[in-house]
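Notes follow the structure.
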Amino acid sequence: MSADMAHPKASAVAPADGAAAPDDDLALRLSRRPRPGRWLAVLAAALFAVWIAYTVIVNPHLHWDIVAQYQFDGVILRGLWVTVQLTLVSMALGVVIGVVVAVMQLSDSPVLRFTAGAYTWFFRGTPLLVQLIFWFNLALLFPVISIGVPFDGPKLISWQSNQVITGFVAALLGLSINEGAYMAEIVRAGIGSVDPGQREAGASLGMSNRQILFRVVLPQAMRVIVPPFGNQFISMLKTTSLVSVIAGSDLMTVSQHLYLANFEVVALLLVASLWYLVLTTIASIGQHAVERRYSPGAAPPLRRRILADLRPGRAERKGATA
């Protein structure tokens, strides 16, 4: 018996050449369900945004001429530079402290683990504002800062605390030490995400513990460390505004000094807010670029060039050209 006679129904429904199959006709008839709720939400959000923009722009109590006058004022720009300095230096010191404390937390020594745990417990458990005020008033506890033999031994050199602990130095100490406690937890989580076999592989090659940490473990842990580090950096940009309570000469401090002199409180706060938005936007762009660099599957530029050279036919063409 032939195939056509065995399956008469199949041959009867077979489409002619060029005709669409039944499945294709069904796929063409599919359509999305109407979602009136989504369109209403979009319309409500758009109307609310327009209303907010209109209210801010036409509000007579918002002196936009004052905002434009002080946006690039020399005093504001100097405060902006201090904010950038505090952010960069505090984050750099915080990263160094965080790496050291994270390694101590992962150490086999119970003394090192306890010390690192006590550090993170204290500085994450107390408010940053309290820490800033404490560092600024360190002279009340230690009027003189000395270097020498401990336990009331001879001193090699001494300074008056009021002369050393300025507003900028106190801000730097408070921000960096506090940030080190948070970075320690971030680095510890990143190191813990690396497979232990990577350490064993490094040890089998004769690497020291330091070489394994900086050449094997940390480069692989960057994929986990970078996203929260970017968030911490952006948070640090805004947290520097707390330095205004100890007169740290940052952006918020100089803005306060200006509006206390001319009583343009809202206008000067808008000036500071616009600069903070600019800084955080730049930091966010940098964060996304670094995250793409360390994202899973992202090959380094050198590796991409090597892989491109190894494509079929590429090597032959290069040899023929040579």
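May I ask you to list the residues in the stretch 77-108 that are over 27 Å from L213 (Cα atoms) and small (G, A, S)?
The one that is over 27 Å from L213 (Cα atoms) and small (G, A, S): G79.
Search the stretch 107-132 for residues that are free of Cβ contacts under 8 Å to residues at least 24 places away in the same chain and pair each with any residue that is of a type outside the set (D, E, K, R) and not in a helix (DSSP H, G or I) when their beta-carbon atoms are under 7 Å apart and the residues are at least 6 apart or on different chains.
So the pair list comes out as R113/S107.
How many residues does the stretch 234-267 hold that are hydrophobic (A, V, I, L, M, F, W, C) and over 30 Å from H288 (Cβ atoms)?
Here the count works out to 11.
When the stretch 125-143 is examined, which residues are found to be open to solvent by less than 60 Å² (accessible area, probe 1.4 Å) and aromatic (F, W, Y)?
W135
Name the one entry in G206, G197 that is part of a loop (DSSP other than H, G, I, E, B) and over 30 Å from N162 (Cβ atoms).
Answer to the selection: G206.
Could you list, ordered by first residue, the pairs with Cβ atoms under 6 Å in which the first is in the stretch 273-293 and free of Cβ contacts under 8 Å to residues at least 60 places away in the same chain and the second is open to solvent by less than 60 Å² (accessible area, probe 1.4 Å) and part of a helix (DSSP H, G or I), at least 6 apart or interchain?
T280/I234; T280/L237; A283/F233; A283/I234
Is the stretch 199-208 home to any residue that is modelled with pLDDT under 90, small (G, A, S), on the phi > 0 side of the Ramachandran plot and over 24 Å from the mean Cα position of the chain (by Cα)?
Yes, because at least one residue in the stretch 199-208 is modelled with pLDDT under 90, small (G, A, S), on the phi > 0 side of the Ramachandran plot and over 24 Å from the mean Cα position of the chain (by Cα).
Output the residue which, of all residues in the stretch 70-110 that are in contact with a helix residue (DSSP H, G or I) (Cβ under 7 Å, 6 or more places away or on another chain) and among the polar types (S, T, N, Q), is farthest from A261 (Cα to Cα).
S107
Restricting to the stretch 238-286, name every residue that is polar (S, T, N, Q) and assigned to a helix (DSSP H, G or I).
So in the stretch 238-286, the residues polar (S, T, N, Q) come out as 239-241, 244, 249, 253, 255-256, 262, 273, 280-281, 284.
T239, T240, S241, S244, T253, S255, Q256, N262, S273, T280, T281, S284 - these are the residues of the stretch 238-286 that are polar (S, T, N, Q) and assigned to a helix (DSSP H, G or I).
Is it fair to say S146 is hydroxyl-bearing (S, T, Y), modelled with pLDDT under 90 and surrounded by 13 or more Cβ atoms within 10 Å (Cβ to Cβ)?
Details: hydroxyl-bearing (S, T, Y): yes; modelled with pLDDT under 90: yes; surrounded by 13 or more Cβ atoms within 10 Å (Cβ to Cβ): yes.
It is true that S146 is hydroxyl-bearing (S, T, Y), modelled with pLDDT under 90 and surrounded by 13 or more Cβ atoms within 10 Å (Cβ to Cβ).
Starting from the stretch 56-70, take each residue that is in contact (Cβ under 8 Å) with a residue 12 or more places away in the chain and list its partners that are loosely packed, with under 11 Cβ neighbours inside 10 Å and not aromatic (F, W, Y), counting only C-beta distances under 6 angstrom and pairs at least six apart or across chains.
Close Cβ pairs (under 6 Å, with a partner that is loosely packed, with under 11 Cβ neighbours inside 10 Å and not aromatic (F, W, Y)) do not exist here.
The values are calculated or read from the model by the stated rules, or taken from the named source; none is laboratory data. Only a predicted model underlies this, so the values are computations on that prediction, with no experimental measurement involved. Here Cβ is always computed from backbone atoms with ideal geometry, including for glycine, and neighbour counts include all displayed protein chains. These accessible areas exclude ligands, DNA and RNA; they are computed on the full protein's heavy atoms, side chains included. Shrake-Rupley method; radii C 1.70, N 1.55, O 1.52, S 1.80 Å.
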